[in-house]
Amino acid sequence: MIEPAYVAGLVDGEGTFFIGWEIAKTRSRPLQIGPNISVTLATRETWLLDELSVIYGGKVRADTKKAASCWRIERQSQIEHILVDILPYLRLK
């Protein structure tokens, strides 16, 4: 189990919060916009990001051209889950 304080430091140091958008394949909602959290590490070893994915959900992708891997969550319920855990450890700088 990864401690929430460690996850907060990881997100603060290597992560980003952003609004993402995607052109959907359905006509009912052609443009989807929503919050995202991602953490990118300069390594192809994904064990840490895989563990975050097990705890909070999301997807892990290793970049085959660069020595990097990324974990990203997009669902509101997953974002709420991680924020509840890490917000006590984040400080405004």
Report task. Mind checking the full-extension length gain between ALA68 and ASN36? Use 0.36 nm per residue of separation minus the Cα-Cα distance, one decimal, nm. Result -> 9.6 nm
Query - Rounded tilt (10° steps) of 76-86 against the dominant C-alpha axis of the chain - result: 20 degrees
Requested in this report: With the Cα gyration tensor of the range 1-90 in hand, convert its eigenvalues to equivalent ellipsoid semi-axes via √(5λ) and list them largest first in whole Å.
Outcome: 23, 18, 11
Report summary line: The extension gain from GLU80 to ALA24, computed as 0.36 nm times the residue separation minus the Cα-Cα distance, is 17.8 nm
**Report entry** Cα long-axis angle, helix 47-56 against the chain (0 to 90 degrees, to the nearest 10)
**Finding:** 70 degrees
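Each value in this text was obtained by applying a stated rule to the coordinates, not by laboratory testing. Quick caveat: nothing in here was measured; it's all calculated off a predicted structure.
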